Structures are given as structure tokens and as C-alpha cells.
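Take a look at the structure below.
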Amino acid sequence: MKQILRGTAILLCLLCSALATAAIEVPSAQVPTSVDRAIRSSFKLSRPDIELESITASAVEGIFEVKVQGGPVLYTSADGQHFILGDMYAAAANGFVNLAERAREGDRAQLMASVDLEDMIIFSPQQLPAKATVMVFTDVDCFYCQKLHKEIPDLNRIGIEVRYLAYPRAGVGSDSYKKIASAWCSLDRQATLTRLKNRQSVATNVCPDNPVASQFDLGQKVGVSGTPALVTPEGRLFPGYMPALRMASVLGVEVDPIIAAQLQQKEDAQTKK
């Protein structure tokens, strides 16, 4: 049993160390009309309720990538009679590469780019332009969202701009929705959001044109399953809380050694609590 667990852990480490930027060639040739028709016909016959958004060539000859509308990516045979549900990986020289996730990143980046900056609550560093930007789907009642919010001064200090989008986990119309919508409807969004993250009460103020519902829907489209959820402009999704130094590393931001030492000392002190 221990050997099985150890083997599983090693595989997970290998997968987690994969670099999404590795150079993997994916065929760009157009899918033959006969193949496209065969796959669509087979799926329609088996599940007429499913709509296929696109069919493209995969990295493996004879296997095609099928994107289900509002659903997952499948890998199917040319006749559409057999398919695999799950991510496809490539064995690159510097690690395993999740090809399906790389495709999702492109779609995710496009969706995130469509959000108006005025519809986000943004905390920017004093020195602009920022060295990096991260978009965060957040819920005011989430402990780790509150913990991440306490990192804002440090994130801004090292040049990272934080752009908040609303994601009330309990859903639209819930108490969490009313709280976070009140921040978006406030004249001072930053201050109101900070009060809520500090578990302070604010007057309920749900304006009719607030973007919370649309951002909640966007979060579901880009794969958010919990909060906080961090998304880079390139479409990379990182679920969960991340301290300032680790976020800087993920975003490729160089931190002054003195500041880095201070942040590390602060993080170590919090870990001991």
C-alpha cells in the first residue's frame, strides 16, 4: 500500500511540475470534412442533447479534440465511436505538459480580457505601471479570501496589481451576494470591500446594475470551483490562497532581497501561529 501511495505521489509531483510554456507542436491542419461530419453524427445519434462547439486536430495523429459547448474537452477517434474524457499530456524534455489546460488558458484569457476594468475593484501599487497583474475571484465571507486581502499592501509594495472580481460562493441572491454587491455598489469600493473582508458590517446596498451576477457566471465559465481563485492575464488559473512571495514567483516578479527577507520573516511568523 505504501509503495502504491509513494508511486502516486511521484506521478502527481511530475504532473504538477509540468511547464505550460514547453514547446509542443500541435497539428494545425484543418480537420477533414468527412471526419468532422462523422464525429458530429456519432455524438448526435448517441446524445442529441449535446452541442459540439469545435473539433480540432490533437497532438496525436488520428485523435481529435472535441470541445463540448458548456462542457469538457474530449478526445475522440476519427469516426466518433470512441472517446476519452480527461486531459491529454505531452512528455516534454523539461516535464509533462497538460495540453488540455493550455487550450483552456487561451479561452480563459479571452474571457477575462472582455471584463471592463471599471467593473473590477482594483488595488494598484503606488509606482505604475505595475510589474504584474493578477485577477482574483473573491467572496467576502471566505477565510482565505480575507487572508489574501491582508496581503494587498505587500503585493502592491512589490509591484503587483490586484483586480478583484466577485464570486459569492453561496450563489446570486444569497447573503454573501448582498454583501459583496454592496461593495461594488459603494461610492468607495475599496474601503467597503476592506471592511467586509475585516468582518465589519456595512449597510446593504444592492444596486440594480451591479456586475456581481455576471462575474459569478464568468467565474464558472473559466473554471472557478472555490475562492480565492487567481487568474493571470495569460489565462493561468491558480486556486486557493497564495502568500505575497509565492505569488511574486508565480508571476515572474523579481523582489528586492531586503523586502523579500522581510516578507519571508512575516510569512514564517504567521506559519508558527
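The values are calculated or read from the model by the stated rules, or taken from the named source; none is laboratory data. Treat the numbers as computed from the prediction; the structure is a model and nothing was measured. All Cβ positions, even for glycine, are placed from backbone atoms using ideal geometry, and neighbour counts span all protein chains on display.
Check the stretch 231-251 and report whether any residue there is crowded, with 21+ Cβ neighbours inside 10 Å and closer than 13 Å to residue 167 by Cβ. Yes, because at least one residue in the stretch 231-251 is crowded, with 21+ Cβ neighbours inside 10 Å and closer than 13 Å to residue 167 by Cβ.
Checking the stretch 231-241 against the condition returns a match, with at least one residue being of a type in the set (Asp, Glu) and within 21 Å of residue 116 (Cβ to Cβ).
For residue 26, the criteria (1) more than 24 Å from residue 90 (Cβ to Cβ); (2) modelled with pLDDT under 90 hold in every case but one, which is (1). Exactly one residue out of 159, 219, 171 is on the phi > 0 side of the Ramachandran plot and out of contact with any Pro (no Cβ under 7 Å at 6 or more places or on another chain): that is 171.
Only a single criterion out of (1) within 29 Å of residue 259 (Cα to Cα); (2) assigned to a loop (DSSP other than H, G, I, E, B) is not satisfied by residue 207, namely (1). Considering only residues in the stretch 153-172 that are part of a strand (DSSP E or B) and buried (at least 19 other Cβ atoms within 10 Å of the Cβ), the one that is farthest from the chain's Cα centre (by Cα) turns out to be 160.
Residues in the stretch 182-195 that are assigned to a helix (DSSP H, G or I) and surrounded by fewer than 22 Cβ atoms within 10 Å (Cβ to Cβ): how many? So that I can check it myself, show each step before the final result.
Here is the first cut: in the stretch 182-195, the ones assigned to a helix (DSSP H, G or I) are 182-184, 189-195.
From what is left, the residues that are surrounded by fewer than 22 Cβ atoms within 10 Å (Cβ to Cβ) are 189-191, 194-195.
Counting residues in the stretch 182-195 that are assigned to a helix (DSSP H, G or I) and surrounded by fewer than 22 Cβ atoms within 10 Å (Cβ to Cβ) gives 5.
Out of everything in the stretch 190-213 that is in contact (Cβ under 8 Å) with a residue 24 or more places away in the chain and out of contact with any helix residue (DSSP H, G or I) (no Cβ under 6 Å at 6 or more places or on another chain), what residue ends up being nearest to residue 146 (Cα to Cα)? Only one residue fits best here, namely 198. Taking strands (runs of 3 or more DSSP E) as the structural unit, those lying wholly within the stretch 61-149 and holding at least 1 residues that are on the phi > 0 side of the Ramachandran plot and either in contact with a helix residue (DSSP H, G or I) (Cβ under 8 Å, 6 or more places away or on another chain) or not assigned by TED's automatic domain parsing to the domain that holds residue 40 (or both) correspond to 95-98.
When residues of the stretch 240-253 are filtered for being part of a loop (DSSP other than H, G, I, E, B) and either hydroxyl-bearing (Ser, Thr, Tyr) or not assigned by TED's automatic domain parsing to the domain that holds residue 227 (or both), how many remain? Before you say what the answer is, go through the steps one by one.
In the first step, residues of the stretch 240-253 are kept if they are part of a loop (DSSP other than H, G, I, E, B); the result is 240-243, 252-253.
Now restrict to residues that are either hydroxyl-bearing (Ser, Thr, Tyr) or not assigned by TED's automatic domain parsing to the domain that holds residue 227 (or both): 241.
Qualifying residue count, the stretch 240-253: 1.
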